[in-house]
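A.B. asks: First, the structure itself, so that you have it in front of you.
The values are calculated or read from the model by the stated rules, or taken from the named source; none is laboratory data. As the structure is a prediction and not an experimental result, all values here were calculated from the model. As a convention, Cβ positions derive from the backbone with ideal geometry for all residues, glycine included, and neighbour counts pool all protein chains shown. What goes into the accessible areas is simple: the full protein's heavy atoms, side chains included, and nothing from ligands, DNA or RNA. Shrake-Rupley method; radii C 1.70, N 1.55, O 1.52, S 1.80 Å.
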Amino acid sequence: MKRVITFLTLLFFGCQLAIAQNCNQFVGAVSGKKLTYLNQDAKGNSTGKLIYTATKKDASTVTVHSEVIDKNGKSAGGGDSEIICDGNAIKIDMKAFVPASSMKQFSNMKMTGDAKYLAYPLNLSIGQKLDDGAVTIDISNNGQSMSQMQMDIVNRTVEKAESVTTNAGSFDCYKITYDATMKIKMMGIGIPVHIKAAEWYSPKLGRFVKSETYDKKSKLMGTMMLDTIN
């Protein structure tokens, strides 16, 4: 019995050490990095870029500041979110999924709200179904509530594994597809906008390397591609 207890104790601490190592590797790989993404419309025309700057918060959490740069090179606002590693998955604050165009539209307003985290398991596999995510953001101007944004991401599926090469290098990725619905309510009334999306997620970065958005008829709307890592 004593040997069994000793074995279970060693197993427990071994698992705890593995979790800590996984998270330390992730946090160490992204902390202090600046990732710049280029945005293009369906015709390949530049629509600006998005810059993510990651800073270590603690042993399992990275704070990410995002900044939208328009096609003329001017800042159009930004925001902060978090990425958490719990040893089983990388969890990204849903605020990071608010479209850049919406961030630009509300750049002069204060956005606050609760968010669920979108989880990317450390052991991704082809055909895997991933958990849904949602975020609700209250938008105010000078303390006065202006509107509310609701975003839901559902039907997430790991389609395949493939390598993606960008100006930032080559990355082993998983292609993940999903459906997204965004609704902006003003005076309690809002019309939902439905889109389909695909992202090429890099486990090494804990973020996507490439993403594409489509309308409800599966027509390409835009592309975002990782350009540099500094």
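A.B. asks: Can you pull out the residues in segment 214-230 that are within 30 Å of Gln25 (Cβ to Cβ), open to solvent by 40 Å² or more (accessible area, probe 1.4 Å) and hydroxyl-bearing (Ser, Thr, Tyr)? Spell out the reasoning first.
C.D. replies: Taking segment 214-230 first, the residues within 30 Å of Gln25 (Cβ to Cβ) are 223-230.
Narrowing further to those that are open to solvent by 40 Å² or more (accessible area, probe 1.4 Å): 225, 228-230.
Correct list: Thr228 only.
A.B. asks: Next question. Among the candidates Gly44, Gly14, Gly28, which residue alone is of a type outside the set (D, E, K, R) and either open to solvent by 60 Å² or more (accessible area, probe 1.4 Å) or modelled with pLDDT of 90 or more (or both)? If you could, list the steps in order and put the result at the bottom.
C.D. replies: On the way: Gly14 fails: either open to solvent by 60 Å² or more (accessible area, probe 1.4 Å) or modelled with pLDDT of 90 or more (or both); Gly28 fails: either open to solvent by 60 Å² or more (accessible area, probe 1.4 Å) or modelled with pLDDT of 90 or more (or both).
Criteria check complete, one pass: Gly44.
A.B. asks: Hey, another quick one. Given the structure, is Ser211 at pLDDT 90 or above and surrounded by fewer than 15 Cβ atoms within 10 Å (Cβ to Cβ)? I'd like the intermediate steps shown before the answer.
C.D. replies: Values: at pLDDT 90 or above: yes; surrounded by fewer than 15 Cβ atoms within 10 Å (Cβ to Cβ): no.
So Ser211 does not fit the description; no.
A.B. asks: Looking at (1) within 18 Å of the chain's Cα centre (by Cα); (2) closer than 25 Å to His194 by Cα; (3) not in a strand (DSSP E or B), find the lone condition where Asn123 falls short.
C.D. replies: It is condition (2) that Asn123 fails.
A.B. asks: List pairs: first residue in segment 71-100 and over 17 Å from Asp58 (Cα atoms) and open to solvent by 20 Å² or more (accessible area, probe 1.4 Å), second residue charged (D, E, K, R) and in a strand (DSSP E or B) anywhere in the structure, Cβ distance under 7 angstrom, at least six positions apart or on different chains.
C.D. replies: Every condition considered, the pairs that remain are Ser75/Glu67; Gly78/Glu67.
A.B. asks: Inside segment 150-170, can you point out the residues that are of a type outside the set (Asp, Glu) and within 17 Å of the chain's Cα centre (by Cα)?
C.D. replies: Applying the first criterion (of a type outside the set (Asp, Glu)) to segment 150-170 yields 150-151, 153-158, 160-161, 163-170.
Answer for segment 150-170, where residues must be of a type outside the set (Asp, Glu) and within 17 Å of the chain's Cα centre (by Cα): Gln150, Met151, Ile153, Val154, Asn155, Arg156, Thr157, Val158.
A.B. asks: Could we say that Leu205 is touching a residue at least 40 places away in the same chain (Cβ under 8 Å) and either over 17 Å from Ile83 (Cβ atoms) or in contact with a strand residue (DSSP E or B) (Cβ under 6 Å, 6 or more places away or on another chain) (or both) here? Talk me through it step by step, then tell me what you get.
C.D. replies: On the way: touching a residue at least 40 places away in the same chain (Cβ under 8 Å): yes; either over 17 Å from Ile83 (Cβ atoms) or in contact with a strand residue (DSSP E or B) (Cβ under 6 Å, 6 or more places away or on another chain) (or both): no.
Answer is no for this residue.
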